[in-house]
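So that we are looking at the same thing, I have put the structure below in structure tokens.
The values are calculated or read from the model by the stated rules, or taken from the named source; none is laboratory data. Small disclaimer: the values here were computed from a predicted structure and weren't measured. All Cβ positions, glycine included, derive from the backbone under ideal geometry; neighbour counts span all protein chains shown. For accessibility, only protein heavy atoms count, side chains too; no ligands or nucleic acids. Shrake-Rupley method; radii C 1.70, N 1.55, O 1.52, S 1.80 Å.
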Amino acid sequence: MDKRGNMQLKAALSALCQILPGSAWNPETFRRAKFNRPEACPEFWKLLHCVFTQIYERNENKIVENQVMYVKSVLRNQGYGRSAFYNLPCDGTEGSRELLLAFSWLLDKLNLLERLLEVNRVKLGDEIKVCMCQRELSPKENGDVFSSDKQQIHIRYLVWLNGKLQLCWRTLHGAHQEKCALLNKIHSYTRGCHVDQNIKHFSFVETDLVQQPESSIKLLELLECENSLLQTYLEWKQVEPVYWKWMVKVLENKHSCKELHVTGKKIKIEACKKTKDLKLQHRYITKIHSILRLFFKDSFEIKKGVVPNDPGIIFAAELIAQIQRAEAELKAEFQMLLEECQHRLDSIMDQFDGIICMAHAKKK
């Protein structure tokens, strides 16, 4: 990526970090995640947890393991299907690239930024959430939940969970009715006071402003903050294509690294097979791991061309010659594998953009 592209990417990541909730996020975290750096993992788990707690109005949990489990459960419910993400450790120390991919999926699939702006907008009027849509359980999901072959579910435990869920729903419904009753009182007492004749009454926020004029300063600050977020969002929409082009390169790098891993594994298997043949040829040499007693060849009464049958007798000259031959064969084998590996690496690294590979310095 050229200098202009880097500047555009920096602008896109900066705008994105300013819209995201919570503490100030660093664009460098995204760059580190591209290369799967472990130091980016805690920040990404914290980011995803913070996003979900705001969208679903849930209290934050500071324990890392609980954050990881909560994020995984939400993504699973949303339909995210990468198994590599769910196999990440619960201590939150690995898989920053997988976290970047999951975050980008949410960014596109769930309109993440728009939902965050909706959740955090200043609500001057009285609002209440209503959902009358019905979600039918598909046969596949039905089979996964109730299949006795795959999951062994205790019926009494399910009944207990159902009762607890109903109790929570009743409590929530009671709080909902109480809120509606209080809002109805405010609307009835302030009828005819609003400038807008279509509304004709004050909302809870407007009533609070009338009773406590000093709270208007805080409201003004919130409105200025929201206006700043909206301006940043407009800037983000202008540079958003740069982010997705960058994410395409992240995927390409991931696939190339996966191919590199597979290639290295194949080379290792081939090397093990070939070295295994050499080990079989020099089996009795590799089994020598103890102190051997040396004898002069003249100490044995050996006829010309006759070798003693005692396996414990090893002649030094023959042993040295065999070791030297094995050493020469292994060096040749190693050099051949090294050249083959270098050739494969060169062909793979040609696919990388802007990455320079340097060999390790040779030890003197």
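From the backbone phi of the stretch 89-99, what are the Karplus-calculated ³J(HN,Hα) couplings (6.51 cos²θ - 1.76 cosθ + 1.60, θ = phi - 60°) in whole Hz, Gly and Pro given as x?
Per-residue couplings from phi come out as x, 6, 7, x, 10, 9, x, 5, 5, 5, 5 Hz.
Further, regarding this structure: How much length is gained if the chain between Lys164 and Ala328 is pulled fully straight, taking 0.36 nm per residue apart and subtracting their Cα-Cα distance, in nm to one decimal?
51.6 nm
If you don't mind, another one. In nanometres, what is the gap between the two model label sites at Leu209 and Ser347, each 7 Å from Cα along Cα-to-Cβ?
7.0 nm
Using only alpha carbon pairs under 8 Å that are at least six residues apart, calculate the relative contact order of the stretch 1-86 and give it in whole percent.
Worked out over the stretch 1-86, it gives 18 percent.
Next up: Could you tell me the accessible area of Val159 in Å² (1.4 Å probe, neighbours in place), rounded to the nearest ten?
Here the residue's solvent-accessible area equals roughly 100 Å².
Also, I was wondering about something else. Could you pull out the pairs from Lys3/Lys258; Lys62/Lys109; Lys46/Lys123; Lys34/Lys258 whose alpha carbons sit more than 19 Å apart here?
Table pairs above 19 Å Cα-Cα are Lys3/Lys258; Lys62/Lys109; Lys46/Lys123.
Something else about it: Any chance you could run the full-extension gain for Arg76 through Lys200? It's 0.36 nm times the residue separation minus the Cα-Cα distance, nm to one decimal.
The Arg76-Lys200 span can extend by a further 40.1 nm.
Under 5 Å between amide H atoms, partner at least 5 residues away or on a different chain: which partners does Asn36 have, H built in plane at 1.01 Å?
Arg97
Taking a ≥ b ≥ c as the square roots of the eigenvalues of the Cα gyration tensor of the stretch 163-237, is the shape rounded (a/c under 1.5), prolate (a/b larger than b/c) or oblate?
Oblate shape, in that a/c is at least 1.5 and b/c is the bigger or equal ratio.
Still on this structure, I have one more. Given H placed on each backbone N at 1.01 Å, which residues far from Cys193 in sequence or on other chains put an amide H within less than 5 Å of it?
Result for Cys193 returns Phe202.
Report Leu172's accessible area, 1.4 Å probe, all protein chains in place, as a number in Å² to the nearest 10.
The value for Leu172 is about 100 Å².
Next question, about the same structure. At 0.36 nm per residue, and after removing the present C-alpha to C-alpha distance, how many nm does the segment from His154 to Ala321 gain when stretched out fully?
So the extension gain works out to 53.0 nm.
When only the heavy atoms of the protein chains count and the probe is 1.4 Å, how do Phe30, Phe35 rank by accessible area, highest first?
Order by accessible area, largest first: Phe35, Phe30.
If you don't mind, there's one more thing I want to ask. What accessible area, in Å² to the nearest ten, does a 1.4 Å probe give for Ser73?
50 Å²
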